[in-house]
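J.: Quick one: this structure, given as structure tokens, is what I'll be asking you about.
Computed from the coordinates by the stated procedures, all read-outs in this text should not be read as laboratory data. The structure displayed is predicted, hence computed values, not measured ones. Methodologically, a virtual Cβ is constructed for each residue, glycine included, from the backbone with ideal geometry; neighbour enumeration extends over all protein chains shown.
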């Protein structure tokens, strides 16, 4: 188990390094985009003076390297800075109240919503996909297996917004069971929140099921030729038990890895679904911030996305190790 | 015991006119061609044959089971009045594990790595409703005790990787016994084991089969093993039955030529060469080598010499350090202490620091010709590449040299030069491996278990070839093997290794005449002989606690 702790420590250190590099790349990339926040927010009515005033206010007139170092200094102390878009500009409104909404304050509720959506989706999709995968492996090459493959592959191949509208049509319009808008706000009861989240969660389930189901099926079938599976069959064990008890525990590592990748996708890549259902997640905020070059928010979002990938992959690796009895029970 | 002893017993398995086919690509090709098999209650039938004879396929068919891509095209299998081929898979499942059990070749691969031994043991009794979990666990421990597994009350709670190969094989026999079946199929249960371990497993299998009066089909390619285990022997060749007879009858009076040729295999023996002149320089000298993987020493102060034109057999069980010594000589594993000398001159320890002529003089032939040959290159390329690399020949000269080499290994170039490894048999592939090492024109060749993956007749051909080449080209061999029959047939000198130490070394004639070192003695006495009473006599002589791992443990 000490080796596991060592791996965790190493991977976390590497993860921090990755985050650092991500922050440089994102900062540079946003700076490479044409225009900056001042131009974006002022739009067509921008006068050179107004642009200049906002730039001075936000420090955008300083050299990018200096700005990055200032941001990094703050970030290392836990201060992710203030969102440009939430600032009141003295030069703009006439008086600066001094009150600034920090990036953290702005992102926190959105991030919580995203995690809630991802959590609900995972709770539905993971058991669903793994069960489907097991059944497909059990009845491999049957009509059931083929139908499952065709359906999951069609759903992953269709655009997300299309799936979303199909679900809205059937579950909200023709049969008004679920609300088609997911306006979530603070202080909502859990059950109500769950109800409003269900439709986007189902849409996402359709998107992520195929990967996990097909990997489960493939990983299990891959093991079916092994001598210990033949042994189990020759012991007269029923086919379902052969798969669940003898094949599945040895097929966990690849399945866990695919689950982790899909969970990471649920946190970082669901902006289209958020837009369709007007779900206040982090994805929309991120896209809006890129549009107006709101660098502190973009940076924070990217760090969260990168951290999600790093932590989920780390978890997957640890679980893969732990699922191996040779490592759990050394000689 | 004779066949007559079972004449009155009820028939348990009756296979009639079995034809089986296997699928490769889209075609079905024959595996078993009309074999009959009758097994009475309590009888042990030995099925022997070389690889590809169809013995495992036939063994599984007697359980009504076919592997993927195999089918029974004709014939009938009756088990105690039940037609297994007509039975539904549900009916067959009720028999498998409960009344018919299976012991696989590799217990290490056939135990599920994810579960404890005892949980796998109790699975069949629980699922078939024969016993409760507690009953079956207690019974399992009792069986472990009967099979003389160490710590019978505790060993079941371990995972398969925590238990040694010989112990796993016995645990698997216990598992097969869990429901007290009427029939057990033993599919080469000791092939993967060392000789000292094998004898222990053989003794326990025989004892428990006798105690519960279980009928068994014992599949093996080793005649001496089957002679100890079976009442009746059936010989198969390429899917055809050659003959069947009671064991003693079969051993003393085989009627068919093929059977006689199998019996004759072990008679190849090359005379030992005269002792080397004292003071001559050895081709290879291993001097006080201590080597380690990581921080753990696996070789301790190993020294021996190999002289010109001589064969030194390095003998020992798995983990004794034979192959590690070879890795030290080739420079793949630089020794921690000690040196390797070639013709009296010290070699750089790391192969990367050796020059081409030093590399050229030491070549290797590998155990698995399958994996040692590049599957995408033709024979001409496989042999041609070292020819070009070491001798600089190209074009026609290279081709001529390749043809010469193929002549030496007795594979006609006109027929084989453009073949891929997948288009050749195991023995032919091993010959190509030999030609590849000869291509470098070496002085010294390390043969690492070169015959252990081959059938006996083929292996003998390879040994004869190696002996001829040695005489013609004045080669020196280091012959790594765990098979003492091979040592007897080809070695001039013998080095016995155990746990990284050289236990004993000397000329072959001395090594095979008493007195021996205790370990050498154990090794020698553990090799099964073609005498049906061998195991019985040995157990009588030594007692059950003085064979196998238990005896190894007593030697310090």
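J.: Suppose a student asked you for the relative contact order of chain B, using Cα pairs under 8 Å spaced at least 6 residues apart; what percent would you report?
T.: 15 percent
J.: Report the normalised scattering of the stretch A:203-331 as log10 I(q)/I(0) at q = 0.16 Å⁻¹, calculated by the Debye formula with identical scatterers on the alpha carbons.
T.: The Cα Debye sum returns log10 ratios of -0.88.
J.: Taking every residue in A:232-243, how many Cβ atoms of other protein chains lie within 10 Å of its Cβ, on average?
T.: Taking all residues of A:232-243 together, the mean is 6.
J.: Moving on. Which order, highest average first, do B:391-400, A:113-122 follow once you tally other Cβ atoms within 10 Å for each residue and take the mean per peptide? Kindly include the intermediate steps, with their values, before the conclusion.
T.: Numbers: B:391-400: 12.9, A:113-122: 21.1.
Packing order, densest peptide first, comes out as A:113-122, B:391-400.
J.: Using the reciprocal of the averaged 1/r over all distinct C-alpha pairs, how large is the Kirkwood radius of chain A in Å? Walk me through the numbers on the way to the answer.
T.: Working: mean 1/r = 0.0435 Å⁻¹.
Taking every pair of different Cα atoms in chain A, averaging 1/r and inverting gives 23.0 Å.
J.: What is the ratio of the Cα radius of gyration of the stretch B:284-510 to 2.2 N^0.38 Å, with N the residue count, to two decimals? Kindly include the intermediate steps, with their values, before the conclusion.
T.: Details: Rg = 17.3 Å, N = 227, 2.2 N^0.38 = 17.3 Å.
Taking the Cα Rg and dividing by 2.2 N^0.38 Å, one obtains 1.00.
J.: Can you give me the P(r) profile for the stretch B:416-556? Cα pairs, bins 5 angstrom wide beginning at 0, each as a whole percent.
T.: 2, 8, 16, 17, 17, 15, 10, 7, 5, 2, 1, 0
J.: Would you please give the FRET efficiency between residue B:378 and residue B:483, computed as 1/(1 + (r/R0)^6) with r the Cβ-Cβ distance and R0 = 41 Å, to the nearest 0.05? List each step's numbers first, then the result.
T.: Details: r = 32 Å, r/R0 = 0.77.
So the FRET efficiency works out to roughly 0.85.
J.: With 18 Å as the cut-off, how large is the P(r) tail for the stretch A:242-311, expressed as percent of Cα-Cα pairs? Present the calculation step by step, with values, prior to reporting the outcome.
T.: Details: 1273 of 2415 pairs.
In whole percent, the share of Cα-Cα pairs in the stretch A:242-311 beyond 18 Å is 53.
J.: Obtain the radius of gyration and the Kirkwood radius of the stretch A:111-280 from its C-alpha atoms and give Rg over Rh.
T.: Values: Rg = 18.3 Å, Rh = 17.2 Å.
Result: Rg/Rh = 1.06.
J.: Would you please give the FRET efficiency between residue B:529 and residue B:273, computed as 1/(1 + (r/R0)^6) with r the Cβ-Cβ distance and R0 = 22 Å, to the nearest 0.05? All intermediate terms of the calculation are to be shown ahead of the outcome.
T.: Numbers: r = 27 Å, r/R0 = 1.21.
Working from the Cβ atoms, E equals 0.25.
J.: 7 Å from Cα along Cα→Cβ at both residue B:356 and residue A:161: what's the point-to-point distance in nm?
T.: 6.7 nm
J.: Another question, then. Taking chain A as the reference, fit the longest principal axis to its C-alpha atoms, fit the long axis of helix A:295-322 to the helix C-alpha atoms, and give the angle between the two in degrees, 0 to 90, nearest 10.
T.: Taking the Cα atoms of chain A, the angle to A:295-322 is about 20 degrees.
J.: With only alpha-carbon atoms in the gyration tensor, what are the semi-axes of the equivalent ellipsoid for the stretch B:133-250, in Å, largest first? The partial results should precede the final answer.
T.: Values: eigenvalues 159, 49, 28 Å².
So the three semi-axes of the stretch B:133-250 are 28, 16, 12 Å.
J.: Once you wrap a convex hull around the alpha carbon atoms of the protein assembly as shown, what is its projected area averaged over all directions, in nm²? Kindly include the intermediate steps, with their values, before the conclusion.
T.: Values: hull surface 200.2 nm².
Answer in nm², one decimal: 50.0.
J.: Per residue of chain A, what 222 nm ellipticity follows from adding -39500 (n - 2.57) for every DSSP H run with n ≥ 4, rounded to the nearest 500?
T.: Details: 15 runs with 237 residues, N = 331.
The helix contribution divided over chain A gives -23500 deg cm²/dmol.
J.: Take peptides B:513-521, B:270-278, B:47-55, A:33-41 and line them up by average Cβ neighbours within 10 Å, highest first, as a rough protection proxy.
T.: On the way: B:513-521: 14.6, B:270-278: 12.1, B:47-55: 22.4, A:33-41: 16.6.
So the peptides B:513-521, B:270-278, B:47-55, A:33-41, ranked by packing, come out B:47-55, A:33-41, B:513-521, B:270-278.
J.: Any chance you could list the semi-axes, whole Å, largest first, of the equivalent ellipsoid that the Cα gyration tensor gives for chain B, using √(5λ)?
T.: 44, 29, 22
J.: For every helix of n ≥ 4 consecutive DSSP H residues, a contribution of -39,500 (n - 2.57) applies; sum these over chain B, divide by its total residues, and give [θ] at 222 nm rounded to the nearest 500 deg cm²/dmol.
T.: Working: 23 runs with 211 residues, N = 556.
It lands at -11000 deg cm²/dmol.
J.: Then there is this: If the viscosity is 1.306 mPa s and the temperature 10 °C, what Stokes-Einstein diffusion coefficient in µm²/s follows for the stretch A:148-201 when Rh is the Kirkwood radius over Cα pairs? All intermediate terms of the calculation are to be shown ahead of the outcome.
T.: Numbers: Rh = 12.4 Å.
Once the numbers are plugged in, D ends up at 128 µm²/s.
J.: Classify the stretch B:411-487 as rounded, prolate or oblate from the Cα gyration tensor: take a ≥ b ≥ c as the square roots of its eigenvalues, call it rounded if a/c is under 1.5, otherwise prolate when a/b beats b/c and oblate if not.
T.: Numbers: a/c = 1.95, a/b = 1.21, b/c = 1.61.
It comes out oblate by the Cα gyration axes.
J.: Right, something else. For chain A, calculate the relative contact order in percent as a whole number, restricting contacts to Cα pairs under 8 Å that are 6 or more residues apart. Walk me through the intermediate numbers first.
T.: Details: 356 pairs, mean separation 82.9, N = 331.
Relative CO of chain A lands at 25 percent.
J.: What's the ranking of B:236-245, B:487-496 by average number of surrounding C-beta atoms within 10 Å, highest first?
T.: Numbers: B:236-245: 18.9, B:487-496: 24.1.
Ranking, from highest mean packing down: B:487-496, B:236-245.
J.: Related question: So if I take the centroid of the Cα atoms in the stretch B:524-539 and the same for the stretch B:223-239, what is the distance between those two points in Å?
T.: A separation of 16 Å, based on Cα centres.
J.: Another one. Out of all DSSP beta bridges with both ends in chain B, state the antiparallel percent to the nearest 5.
T.: Values: 47 of 84 bridges.
Expressed as a percentage, antiparallel bridges in chain B total about 55.
J.: Would you mind giving the mean number of other chain beta-carbons within 10 Å of the Cβ of each residue in B:157-167, as a whole number?
T.: Values: counts 0, 2, 6, 3, 7, 5, 1, 0, 0, 0, 0.
Across B:157-167, the average partner-chain Cβ count within 10 Å equals 2.
J.: Let me ask you something else. Could you work out the mean projected area of the convex hull around the alpha carbons of the stretch A:1-61, in square nanometres to one decimal? If you can, show how the numbers build up before the last one.
T.: Values: hull surface 22.8 nm².
Computed as one quarter of the Cα hull surface, the answer is 5.7 nm².
J.: Sticking with this one: Could you give the angle, 0 to 90 degrees to the nearest 10, between helix B:133-146's Cα long axis and the longest principal axis of the Cα atoms of chain B?
T.: Taking the Cα atoms of chain B, the angle to B:133-146 is about 50 degrees.
J.: Enter the angle in degrees (range 0 to 90, nearest 10) between the Cα long axis of helix A:190-223 and the first principal axis of the Cα atoms of chain A, meaning the one along which they spread out most.
T.: Helix A:190-223 sits roughly 50 degrees off the main axis of chain A.
J.: Restricting to the protein assembly as shown, what percent of DSSP beta bridges are antiparallel, rounded to 5?
T.: Numbers: 48 of 85 bridges.
If we restrict to bridges inside the protein assembly as shown, about 55 percent are antiparallel.
J.: Given R₀ = 25 Å, FRET efficiency for residue A:32-residue A:56 by Cβ-Cβ distance, to 0.05? Could you put the intermediate results ahead of the total?
T.: Details: r = 22 Å, r/R0 = 0.89.
Rounded to the nearest 0.05, the efficiency is 0.65.
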